[in-house]
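Worksheet: the structure to be examined is printed underneath.
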Ligand code: PMP
């Protein structure tokens, strides 16, 4: 059938018949029917029914320069015409992959002069596991293979990525985590702070869990600690400012490698080029993906700091690891064009100086709403925790029972009212494109307020409050 002749129902039927979606209950979705997204421009999407939707999630935390950017399209077209593919395995390279590696070295903190490319964030984190273990083998410490991560972290969906991640539901399927990966609790104030504890005190205490774990595993067995500067898929968990410097101190004290997974935080999301710069840490390795190409084409990789690169290059011989698409020329050409847009339009600075603080103000103003426990932001990412009852002077906010899935109720109202927000448990999260202006933030906030209102009416009618 000609694709133009198909109705939404036709697409939904074909989707249900053939397409197994990621992280989806296929049977439930087939019964309901997917929403078919057909077009994008700027921060806007359109579905097959012609509905216009504000995309406050940048696709999946990735379309940082917005939809429909001609520079990126031209870069892909030109590279496809010139050389659609060549590999980097056989002592060969392509010009876009070299130029992008050089550009990333220039944009990243000074310790990063080398890049290993992958096709996605998950693959990037597989590379991390191979790299840190290889590093310690070459250093003469083959027993140092354990990597410490955090509960509720998301590091991808491959065997290594899902193991590094701390998602209980993922570990429950397929015998994960793989050996040599252990987890500590996340620095989530609403979940773990003690009565009367300040954010700063909590940040230091949450970081101390790393030290306990190192001592439990044995300092001579620990290879690395990995964390997202702000946990994204876990619900935009923003750590107190005291957390990361203390994590750095502990990693330094025990000589373990520090890995910053910047698949979400990289390329301006926090108002800094990399999230580690926002929180004042010096990682040895950075995983990146998503924003490097604004999701126009799959690309990921690892920035390799001098400490690891020197050993790998000077002592390592052949590193038996790589992907067909490591340094894919079309992906690299698109990424170069994307980084060009980010630089030329000063998007990182804009988030830092203007739109980030403006969004923070708007979120702070949500605080009085009866459903809002906390509304927090970091750069252009934010989270609203929906609560059953507000905190009082003597009692913390009362959460909704998780079985009620209040986030999904709110998400339903967003979807029906032209707004894409994501629900993670009781946290409603956003990560809008970095091209947002104050006017677009106003537009987004008006939609968010309307959806909160509809959710408030809904939960009252359901008798949940
Ligand atoms: N790390 C983080 C922090 C992520 O948010 C993601 C994806 N959401 C990944 C890794 C995995 O990336 P991908 O889906 O491209 O494999």
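Please treat every number below as a calculation from the coordinates, not as lab data. Being a predicted model, the structure only gives us computed values, none of them experimental. Glycine also receives a Cβ, built like all others from the backbone with ideal geometry; neighbour counts cover every protein chain displayed.
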| Tell me, 24, 146, 392 in order of fewest to most beta-carbon neighbours within 10 Å? | 392, 24, 146
| query | Could you put 434, 215, 210, 440 in order, starting from the residue whose Cβ has the fewest other Cβ atoms within 10 Å? | reply | 215, 440, 210, 434
| message | Can you give the log10 of the normalised intensity I(q)/I(0) at q = 0.26, 0.27 Å⁻¹, computed with Debye over equal Cα scatterers of the range 1-53? | response | -1.04, -1.07
| message | If neighbour count is taken as other Cβ atoms inside 10 Å, put 39, 447, 150, 344 in order from fewest to most. | response | 344, 39, 447, 150
| query | What list of whole percents do you get for P(r) of the range 366-421, with Cα-Cα distances grouped in 10 Å bins up to the one holding the largest distance? | reply | 22, 47, 28, 3
| task | Place the peptides 394-404, 95-105 in order of packing, highest mean first, counting for every residue the other Cβ atoms within 10 Å and averaging per peptide. | result | 95-105, 394-404
| task | Provide, for q = 0.10, 0.14, 0.16 Å⁻¹, the log10 of I(q)/I(0) from a solvent-free Debye sum over equal Cα point scatterers in the range 70-344. | result | -0.50, -0.97, -1.24
| Peptides 109-116, 333-340 ordered by average Cβ neighbours within 10 Å, highest first | 333-340, 109-116
| said: Taking a ≥ b ≥ c as the square roots of the Cα gyration tensor eigenvalues, with a/c under 1.5 meaning rounded and otherwise prolate when a/b beats b/c, else oblate, which class fits the chain? | reply: oblate
| task | Would you mind estimating how fast the range 208-344 diffuses translationally, via Stokes-Einstein at 10 °C and 1.306 mPa s with the Kirkwood radius over Cα pairs, in µm²/s? | result | 96 µm²/s
| remark: So the compactness index of the range 158-230, its C-alpha Rg divided by 2.2 N^0.38 Å, takes the value 1.25
| query | Taking the Cα-to-Cβ direction at residue 9 and at residue 405 and moving 7 Å from each Cα, how far apart do the two end points lie in nm? | reply | 2.6 nm
| message | Need one number for the range 129-252: average projected area of the convex hull over its C-alpha atoms, nm². | response | 7.7 nm²
| Taking R0 as 60 Å, what's the FRET efficiency between residue 17 and residue 320 from their Cβ-Cβ distance, rounded to 0.05? | 0.90
| Say each of residue 198 and residue 349 gets a label point 7 Å from the Cα, pointing the same way as Cα to Cβ; how far apart are those two points in nm? | 3.4 nm
| message | Between residue 391 and residue 442, how high is the FRET efficiency from 1/(1 + (r/R0)^6) when r is the Cβ-Cβ distance and R₀ = 30 Å? Nearest 0.05. | response | 0.60
| For the residue pair residue 461 and residue 253, what label-to-label distance in nm results when each label sits 7 Å from Cα along the Cα-to-beta-carbon direction? | 5.5 nm
| field | Over the chain: helical MRE at 222 nm, DSSP H runs n ≥ 4 each giving -39500 (n - 2.57), nearest 500 | value | -12000 deg cm²/dmol
| said: Between residue 220 and residue 90, what is 0.36 nm times their sequence separation minus the Cα-Cα distance? Round to one decimal in nm. | reply: 43.1 nm
| message | Need the full-extension length gain, residue 157 to residue 171, defined as separation in residues times 0.36 nm minus the C-alpha distance. One decimal, nm. | response | 4.0 nm
